[in-house]
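Peer 1: Encoded as structure tokens, here's the structure I'll be asking about.
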Amino acid sequence: MGAEIQRQIDERKRIEAKLEEASREPGRKEIIAEFKSLLSSFPEEMSLMQSQLGKYKEAVVDIHSLRADVQSLYTTLDRKAKECENLSVRSVEQVAETNKLQAMVQELKDSDVELKLIFDMYRHEFTDSRDVLEARDSEYKAWAHVQSLKSCLDEQNLELRVKTANEAEAVSQQRLAAAEAEIAELRQKLEASRRGKARLSDVLKSKNEENEAYLSEIESIGQSYDDMQTQNQQLLQQVTERDDYNIKLFLEGVGSKQLQDALLFEKHTMEKDLQQASSSLDFYEMKAARIEDQLRFCSDQVQKLAEERFQNSVSLENTQKRLADIRRSSHQARESLEDSQSKIERSRVALVELQIELERQRFSKKRNEEELEVVRRKVLRLQAEIEGSSTVQRLQQELREYKEILKCSICLDRPKEVVITKCYHLFCNPCVQKIIGSRHRKCPVCAASFGANDVKPVYI
């Protein structure tokens, strides 16, 4: 029995040593905090690198467009150089033709001089008879006149051809000067584009180097991220193994406690020693429970991190949904604003129509007042002329009829105060209000339907 108790004590010491080794291992809080900070900084670095990569792509597109511009400038320069060469060849040909024409003119002048000499020689030799001499003189004069006409015609043709050649040469010189100026301008543009190309090439080279550095940094960060994931998986596996080991230790402790209780029940004589052993066992169990709490806290932290990641994804989805709802509501608000603007435009049109109608009523009122004034003058004049005659009675009857016309046709008592704009019939305000208050809102004269907005006041 003593050997069994000693064996249990040794087993407890071994368990305590293992628990102390487990407690001396580095805590997981620092690892989890470092992992979380790395995860939080990784998206920002990725977004920054993506923005810089977008800028590099835009710079590459600009360089390609500049290369295309340089190529087009090269093509234009080659075309202008070919045109300049063609113009120079044509100018040389025209100069050669001009020289040829001048040589022909000189030959014709020399032949004219020779013919004159021959004519003088023949005239001095043939001095035999006057008739023959005169005939020959006339023949020579005619022939000389023909030759002079031919030479004049040839000279005019030559002058025209020389003038045309000179004009063509001047035009070709102008074109050549314009082409040379354009070539010089294109060469300046080409030099500027070459300098810009060289500058952009240097910028692109530096950007490519920076891009390669960023890519290498991204690869290193990705590698470190993979390493951290591997380390996290290893830590999770270690936590799982440690939990299993703690459960096993707890089960072993429970078995040892049960065995200790059995030994205490069997041997009352060793109760004090067993009580001391049980107190030490309780202390170890408390320590094991504390370690279990620490492990549980670490597992809870890992679970919280997973939940936070899930909540972040859920909040991102909710934010996207709210953004879609806001866009939808803004679209609806825009549509409602357009409807309100159309209603306001219709209200403006109705207001203009009402103003026009009011002006028309004012004009009719003024005309009625003028007619009434004319009638009053007639009545006064007739009353002054024939007092107590039948004409006065007739006019009084007409006046009563006019007054009856100005009274409401419904109650035949009150004067007409309002007009229905749908049919322009006049009534008193109380009668019209009674009709508006009823269900059948129709004009008593023409039975036209109307509303409260169609009733307007008039002054007669």
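The values are calculated or read from the model by the stated rules, or taken from the named source; none is laboratory data. Fair warning: this is a prediction, and the values are worked out from it, not measured in the lab. Cβ atoms come from the backbone with ideal geometry, glycine included; neighbour counts cover every protein chain shown.
Peer 1: If you check LYS82 against the conditions, is it of a type in the set (Lys, Arg), at pLDDT 70 or above, assigned to a helix (DSSP H, G or I) and under 30 Å from ASP69 (Cβ atoms)? Reasoning before the result, please.
Peer 2: Numbers: of a type in the set (Lys, Arg): yes; at pLDDT 70 or above: yes; assigned to a helix (DSSP H, G or I): yes; under 30 Å from ASP69 (Cβ atoms): yes.
Yes.
Peer 1: Does the range 310-325 contain at least one residue that is among the acidic types (Asp, Glu), assigned to a helix (DSSP H, G or I), closer than 30 Å to ASP10 by Cα and at pLDDT 75 or above?
Peer 2: No, every residue in the range 310-325 fails to be among the acidic types (Asp, Glu), assigned to a helix (DSSP H, G or I), closer than 30 Å to ASP10 by Cα and at pLDDT 75 or above.
Peer 1: Is it fair to say SER172 is assigned by TED's automatic domain parsing to the domain that holds VAL60, at pLDDT 75 or above and farther than 20 Å from LEU73 by Cβ?
Peer 2: Working: assigned by TED's automatic domain parsing to the domain that holds VAL60: yes; at pLDDT 75 or above: no; farther than 20 Å from LEU73 by Cβ: yes.
It is false that SER172 is assigned by TED's automatic domain parsing to the domain that holds VAL60, at pLDDT 75 or above and farther than 20 Å from LEU73 by Cβ.
Residue-wise test of (1) at pLDDT 75 or above; (2) exposed (fewer than 11 other Cβ atoms within 10 Å of the Cβ); (3) within 60 Å of the chain's Cα centre (by Cα); (4) in the same structural domain as ASP62 (by TED's automatic domain parsing).
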site	(1), (2), (3), (4)
SER88	no, no, yes, yes
GLN94	no, no, yes, yes
LYS109	no, no, no, yes
TYR122	no, no, no, yes
ASP131	no, yes, no, yes
CYS152	no, yes, no, yes
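Peer 1: Do you know which of the residues in the range 410-460 that are farther than 20 Å from ASN368 by Cα and of a type in the set (Lys, Arg) is surrounded by the fewest Cβ atoms within 10 Å (Cβ to Cβ)?
Peer 2: ARG439
Peer 1: Do any strands (runs of 3 or more DSSP E) entirely within the range 411-459 hold 1 or more residues that are of a type in the set (Phe, Trp, Tyr), and if so, which?
Peer 2: Numbers: elements: 418-420, 425-427, 455-457.
By residue number, 425-427.
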